[in-house]
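One structure is given here, and the rest of the page talks about it.
The values are calculated or read from the model by the stated rules, or taken from the named source; none is laboratory data. Nothing here was measured: the structure is a model prediction, and the numbers come from that model. Virtual Cβ from ideal backbone geometry, glycine too; neighbours counted across all protein chains shown.
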Number of protein chains: 2
Amino acid sequence: MTDPKELLALGVDLGGTNARVALVSTATGVVESERIATSSLERPAQFIDWLTRQTATWSRDHQLVGVGIGAPNGHHGRGTIENPPNLPWPGVTPVVALLAEATGQRVTLDNDANAAALGEARFGAGLGHEHFAMVTLGTGIGGGVVVDGKVLRGADGFGGELGHLIVEPGGRLCGCGRRGCAETYASVRGLLATVREGVERGEPGADAFDDEAFRTDFEAAGRRVGEAAAAGNPLALRAYALAAEMLGRALADLASITAPSRVVLFGGLVLAGDTFLGPLQRHFEAGLLPCHRGQIELVASSLPPGHAALLGAAELAFRRAAGA
Amino acid sequence: MTDPKELLALGVDLGGTNARVALVSTATGVVESERIATSSLERPAQFIDWLTRQTATWSRDHQLVGVGIGAPNGHHGRGTIENPPNLPWPGVTPVVALLAEATGQRVTLDNDANAAALGEARFGAGLGHEHFAMVTLGTGIGGGVVVDGKVLRGADGFGGELGHLIVEPGGRLCGCGRRGCAETYASVRGLLATVREGVERGEPGADAFDDEAFRTDFEAAGRRVGEAAAAGNPLALRAYALAAEMLGRALADLASITAPSRVVLFGGLVLAGDTFLGPLQRHFEAGLLPCHRGQIELVASSLPPGHAALLGAAELAFRRAAGA
């Protein structure tokens, strides 16, 4: 280490497809990383064993300040992963206690969206912004809100749920049991719902999606809507436009409460570029309180895909080491 | 002073009807207070002169740590009151600089809703809650949001605008120029709008409000809706029920972002008691994300009327003195 102030930590991103762990430097970001298929981690013990081996390998050559983990339904205060939607682990897993016991490291946990926000805060588009929000537009919507430089977790640790702002009272049924949440429109699942409605109604452009594969293969269907929009299919374009309108409403309400200077966007919908970001920018700006207009930038994440959560997981460890 | 740690400051609440200033103790709250009719403060200089005299009087006998001011459109970061809606002072008044120059005191300013939240935080129903919100249901809706013990002001100082959460897209036109803001339904102005709509449609109970005085005397009209609801008038009850539904939506969205442990309510609508708070509690609880249900208390302010803003204004000075 040439920089005496450089610190190293491990960052872990537990996703539905892969689990990844990286050696992260405060000076240079991701140094090296490893991954494993989540499907091979049938029980929490296998996840802990894998991480314990990785930690042992890296800690032989490096002094680590700790291990940070970002995971779906990871609870920062309790150190537990609770009924994660995309993992085969029902119930509550005390990963922080298990991994600390196995490795002797200081272990810190948060949900994946908050970890991504911290990654942007330290290494990405959130740098220099004391008040910003990170929105991940994937299968659902993940939200991480930073206020005064800190992740807004709230009294029970479940703050920052931007995907569950209600943007259309009485609207689409959400997985949370309520109606009209932003993620029922402005996520891959939301895009597909709009297209399926269009197919049922026989809207212009529906022919491109009226087949069995579209109804059954979620991942391929999402890609097809993106490709169709790029080719000018009117139904696909309408799905992106509706997603933009609804996300614009959610972000305007976010702004009324937290007044960020920037909103960082990441995930599948952002890949559609101006097809999505153009209408989003217009709906967002028009929907803001007059005092906020022209004050809040919408930007796409500039970090390599998947890096935000890894870096942010390590940032959890850096902040813990700094006493934050 | 018997308690060596007791501190004293002046708290100022600049309202549309009266301006008030109080000597406030960290130990006992309001020690004594003075008031003046706002209508007599035609120019900012008269407000500064009045405060300078009060400060001189109290500082002869007491050591003050500073003066805090809560005012409509008061901007904490800039120290200015900007185009206040209920004062005859157009433009931007640098009250902090003017009063500091005139008195030699350290002067701190915030908007009235944030001051009220700080008053509850230090002396009222926010005590012991690191994450809570204060909602003042008056002519409009004032919101103050406390996160990690600090007022959420955001990057531009205009955070916490709970009254401008959009609860009914395409709904009633708001003074902010947008449609469907919570305060167009869940404020005295909102109640009157609902009743006026009911009168136009000849709804049951409308007879009680179909007169010239109701249309022209705002203050009396607000009182009459409250009295009619207490007497069981169905249109007045519907106005409170709609206000409760719409405020419930706003508070559920607030909870999705900030996850408070408590929401403190204050102002005219709260005086209606269970007529309003009963349906509000039901709509709020049903509208919450499942993880928040049963976790967030709705309570009425327990401070004497008008004290929250005075105490919170002084709390601005106490926090400034403590280096916060």
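B:G232 meets the conditions (1) assigned to a helix (DSSP H, G or I); (2) away from chain A (no Cβ under 14 Å) in every case but one. The failed one is (1). The sole residue among A:G79, A:G144, A:G138 that is within 14 Å of another protein chain (Cβ to nearest Cβ) and not basic (K, R) is A:G144.
Taking the criterion of being within 14 Å of chain B (Cβ to nearest Cβ), in contact (Cβ under 8 Å) with a residue 60 or more places away in the chain and among the hydrophobic types (A, V, I, L, M, F, W, C), the only residue of the range A:101-120 that qualifies is A:A117.
Which of the residues belonging to the range B:147-156 are of a type in the set (G, A, S) and either within 8 Å of chain A (Cβ to nearest Cβ) or in a strand (DSSP E or B) (or both)?
The answer is B:G154, B:A155.
Only strands (runs of 3 or more DSSP E) whose full extent lies in the range B:10-96 are considered here, and the ones with at least 1 residues that are modelled with pLDDT of 95 or more, under 20 Å from the mean Cα position of the chain (by Cα) and of a type in the set (S, T, Y) are B:29-37, B:80-82. Scanning the range B:195-211 finds no residues that are more than 17 Å from the chain's Cα centre (by Cα), within 14 Å of chain A (Cβ to nearest Cβ) and modelled with pLDDT of 95 or more.
Exactly one residue out of A:L303, A:L310, A:L298, A:L265 is closer than 28 Å to A:A27 by Cα and part of a loop (DSSP other than H, G, I, E, B), and it is A:L303.
Here is a check on your reading of the model: is B:Q281 out of contact with any helix residue (DSSP H, G or I) (no Cβ under 8 Å at 6 or more places or on another chain), in the same structural domain as B:V146 (by TED's automatic domain parsing), surrounded by fewer than 20 Cβ atoms within 10 Å (Cβ to Cβ) and not in a helix (DSSP H, G or I)? Here the answer is no, as B:Q281 does not meet what is asked. Within the range B:156-185, the only residue that satisfies the criterion of being closer than 16 Å to B:D110 by Cβ and more than 18 Å from the chain's Cα centre (by Cα) is B:D156.
Restricting attention to the range A:157-175, and to residues there that are modelled with pLDDT under 95 and closer than 29 Å to B:E130 by Cα, which single residue is nearest to the other protein chains (Cβ to nearest Cβ)?
Result: A:F158.
The conditions of being surrounded by fewer than 16 Cβ atoms within 10 Å (Cβ to Cβ), among the hydrophobic types (A, V, I, L, M, F, W, C), part of a helix (DSSP H, G or I) and within 14 Å of chain A (Cβ to nearest Cβ) are met by B:A286.
Take B:G70 and decide whether it is touching a helix residue (DSSP H, G or I) at 6+ places or on another chain (Cβ under 8 Å), assigned by TED's automatic domain parsing to the domain that holds B:Y240, crowded, with 21+ Cβ neighbours inside 10 Å and under 16 Å from B:L14 (Cβ atoms). No, not satisfied. The listed residues are B:E245, B:E183, and the only one of them that is within 14 Å of chain A (Cβ to nearest Cβ), assigned to a helix (DSSP H, G or I) and surrounded by fewer than 24 Cβ atoms within 10 Å (Cβ to Cβ) turns out to be B:E245.
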